[in-house]
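Heads up: the structure comes next, in structure tokens.
The values are calculated or read from the model by the stated rules, or taken from the named source; none is laboratory data. Because the structure is predicted, anything quoted here is derived from the model rather than measured. Cβ coordinates were reconstructed from backbone atoms using ideal geometry, including for glycine residues, and neighbour counts include every protein chain displayed. Heads up: the accessible areas ignore ligands, DNA and RNA and are worked out on the full protein's heavy atoms, side chains in. Shrake-Rupley method; radii C 1.70, N 1.55, O 1.52, S 1.80 Å.
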Amino acid sequence: MKIIHYSEADSKIFDKDPAKGVTGRVVIGNADGAAHFCMRVFELSPGGHTPKHAHSWEHEIFVHAGKGAVWRDGQWVEVAQGNVIFIPGNEEHQLKNTGDAALIFVCLIPAGVAEL
């Protein structure tokens, strides 16, 4: 069993195109013996965004804090604390922070793909 505060996990900062102001952490992953899923926590600074991309696996996302928007079907859809997002495989997506504080979200991906 593993119990930590997410901020204790090693972080990786992405701050060059195609991402800006993104801090990512693998909080549960392959190194923990997780055989089926990887849990990551991302923090997007105000004005920050993930790259616009698509891939074969799905995402399950829980918005923990802040407000932002997700790119869905060619348009931005607002999201905020408490929202959940399901992104099917092969769907183009991107998240951006539209607020004045960090947008923090938990993202689950299947084991076997790049964790960060």
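Select, from Ile3, Ile109, Ile104, the only residue that is of a type in the set (Val, Ile, Thr) and more than 13 Å from the chain's Cα centre (by Cα).
Ile3
May I ask you to say which residue of Glu58, Glu43, Glu8 is of a type in the set (D, E, K, R), within 13 Å of the chain's Cα centre (by Cα) and more than 22 Å from Pro110 (Cβ to Cβ)?
Sole residue among the options that is of a type in the set (D, E, K, R), within 13 Å of the chain's Cα centre (by Cα) and more than 22 Å from Pro110 (Cβ to Cβ): Glu43.
Looking at the stretch 73-83, which of its residues are under 15 Å from the mean Cα position of the chain (by Cα) and either outside any loop (DSSP other than H, G, I, E, B) or not polar (S, T, N, Q) (or both)?
Val79, Ala80, Gly82
Only residues that are over 26 Å from Ala101 (Cα atoms) and open to solvent by less than 40 Å² (accessible area, probe 1.4 Å): list them for the stretch 1-37, please.
Across the stretch 1-37, the qualifying residues are Gly29, Ala34.
From (1) surrounded by fewer than 16 Cβ atoms within 10 Å (Cβ to Cβ); (2) within 25 Å of Gly112 (Cβ to Cβ); (3) touching a residue at least 24 places away in the same chain (Cβ under 8 Å), pick out the condition that doesn't hold for Ile61.
The number of the failed condition is (1).
Conditions (1) in contact with a strand residue (DSSP E or B) (Cβ under 8 Å, 6 or more places away or on another chain); (2) part of a loop (DSSP other than H, G, I, E, B); (3) open to solvent by 50 Å² or more (accessible area, probe 1.4 Å); (4) within 21 Å of Pro18 (Cα to Cα), marked per residue:
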position	(1), (2), (3), (4)
Met39	yes, no, yes, no
Trp57	yes, yes, yes, yes
Gly68	yes, no, no, yes
Ile85	yes, no, no, no
Gly99	yes, yes, no, yes
Ile104	yes, no, no, yes
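Is it the case that the stretch 9-25 has a residue that's among the acidic types (Asp, Glu) and out of contact with any strand residue (DSSP E or B) (no Cβ under 9 Å at 6 or more places or on another chain)? Break it down into steps so the answer makes sense when it comes.
At the first step, the residues of the stretch 9-25 found to be among the acidic types (Asp, Glu) are 10, 15, 17.
Right, trim to out of contact with any strand residue (DSSP E or B) (no Cβ under 9 Å at 6 or more places or on another chain) and you get 17.
The answer is yes; a qualifying residue exists.
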